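The values are calculated or read from the model by the stated rules, or taken from the named source; none is laboratory data. What you see is a predicted model, and the numbers here were worked out from it, not measured in a lab. A quick note on method: Cβ atoms are made from the backbone with ideal geometry, for glycine too, and the neighbour counts reach across all protein chains shown. Please note that ligands, DNA and RNA were not included when accessible areas were found on the heavy atoms of the full protein model with its side chains. Shrake-Rupley method; radii C 1.70, N 1.55, O 1.52, S 1.80 Å.
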Amino acid sequence: MRDCSRVGSYPQVAQVPQQTKQILNSIPSLIEKTFPVPARFRASLPSQVAELSRLLTNSRGERSLSYLSRPGYLSAYLHYFLPWNLYRLCLLLPTLEIKLSAGNTITDLGCGPLTFVSALWITRPDLRAVPLEFNCIDRVPAALEAGKKFFNALADSENIPWKINLVKKEINIQKSALKQKFGQSSLVCAVNIFNEIYESIPHSNTEKLRRLAANAAQFMHNEAAENASILAVEPGVPQSGKFISYLRAAFMELGRFPAAPCPHTAACPLLPAKWCHFGFEAEDAPKDLRRLSAAAKIPKERLVFSFLLTGAENKKSEDIRVLSDAFPLPNCREALPLGKAGRYGCSAQGLVLLAGEKTRVDNLKAYSLISYNNFVKQGIDKKSGALILELK
């Protein structure tokens, strides 16, 4: 019998390489050293983190677009959200096939304190000696300058051949392209910026969300070279997942095809009722960061995100991307014997329900790629409409 837990083209996203883990564990102390909090303000840092978290989630309407220009919010962001976002990207980036070579240009839209640049340096030691040019674009100069200062402390060398251009600019995706052109980039990335736009769109207004995704795709497409990669990472909530699905469709119309997480180029099987997102345990996060989270009363046990990486090649695959956590199958939806568990998956045949003994289903792991050859078709699940595939 084949061990399906070891089948797949990508490493498991939750497995952080040891070298990366060591660097991540040092991030909180590096941030404290680079952006020290005066002793008289140290006790109030958790409450500042909690207040900023409230503005970024439940009270978005009270937040100005340039909230990071306020010193208290910027300090809270640097000490809490920057390391968490780094940790999340350091889970994701090692699993992605992003090819960069000497002389390539990377455009980072809405970069904040250079989170993506720092995560790329942490996770891609093979690129640290490669001359690359980064155009880091954000509306808040204070965030840009803080990001450059942090990256210099992280890299800890005057000889890093990465050229980082800080560009203060408002990003208006309605205008299809930046007024100041930087040339066509080999990688265009947008991490956590589109949710600031679509968060105000009612969930029932799918047409407006679709149009926004089409505009975002066109904007990034115009900044990218023909064979470039384009990466968008958003929070793992329903509106974000649906936005990513519409973004995927818009990119395909522009001749840019999904490279990850989608294992196929058929229509997204998750719209309109479900959404694509991935959740992973945060138990390996730095202890100092978890202590600050607890003090702010917003402990993180899981990190959840939606993302899309596009490429120029239309790849065809018979693999299944595992989407969900494992869950019990009461009566196994009338199609399988009792005692089974399941996970949802995405495939060229649409949404699938992967079923089997609980221990084996647990071993599949969310985000992994599994071959169809490991399963036997068992009909259609009446609840979800998914094709039921039982582990051999």
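For the reader, a short list of remarks on this structure follows.
- Bridgeable aspartates and glutamates around residue 33 (alpha carbons under 20 Å apart, same-chain partners fewer than 8 residues away excluded): 145, 156, 158, 288.
- All other residues whose Cβ lies under 12 angstrom from that of residue 322 are scored, Lys and Arg at +1 and Asp and Glu at -1, for a net of 0.
- Accessible-area composition of the chain, carbon plus sulfur, in percent [1.4 Å probe]: 50
- Expected-Rg normalisation [2.2 N^0.38 Å, Cα atoms] applied to the range 134-270: 1.14
- Sparsely packed loop sites in the range 274-324 (the GluC sites (Glu not before Pro) outside DSSP H, G, I, E and B with at most 16 other Cβ atoms within 10 Å) comprise 283, 301, 313, 318.
- Computed over the range 338-381, the percent of Cα pairs more than 12 Å apart is 62.
- Label-to-label distance for residue 201 and residue 40 is 4.7 nm, based on points extended 7 Å past Cα in the beta-carbon direction.
- Bridging of residue 208 to lysines at a Cα separation below 17 Å is possible for 175, 242, once same-chain residues fewer than 8 apart are set aside.
- Residue of 282, 294, 341 that the Gaussian network model of the chain assigns the largest fluctuation, springs spanning Cα pairs under 10 Å: 294
- Label positions at residue 57 and residue 172, each projected 7 Å from the Cα along the C-beta direction, are separated by 3.4 nm.
- Radius ratio Rg over Rh of the chain, counting only Cα atoms, Kirkwood formula for Rh: 0.97
- Sum of side-chain charges, residue 253 neighbourhood, beta-carbon under 14 Å (Lys, Arg +1; Asp, Glu -1): +4
- Residues in the chain average 45 Å² of solvent-accessible surface per residue, probe 1.4 Å, ligands and nucleic acids excluded.
- Of the residues 208, 274, ranked by 1.4 Å probe accessible area with the largest first, the sequence reads 208, 274.
- The per residue volume of the convex hull around the alpha-carbon atoms of the range 237-389 is 137 Å³.
- Figure note: 319, 288 ranked by solvent-accessible area, largest first, 1.4 Å probe, ligands and nucleic acids not counted: 288, 319.
- Sorted largest first by accessible area at a 1.4 angstrom probe radius, with every protein chain in place, the residues 203, 277, 79 fall in the order 203, 277, 79.
- With a Förster radius of 41 Å applied to the beta-carbon distance between residue 211 and residue 392, the computed FRET efficiency rounds to 0.40.
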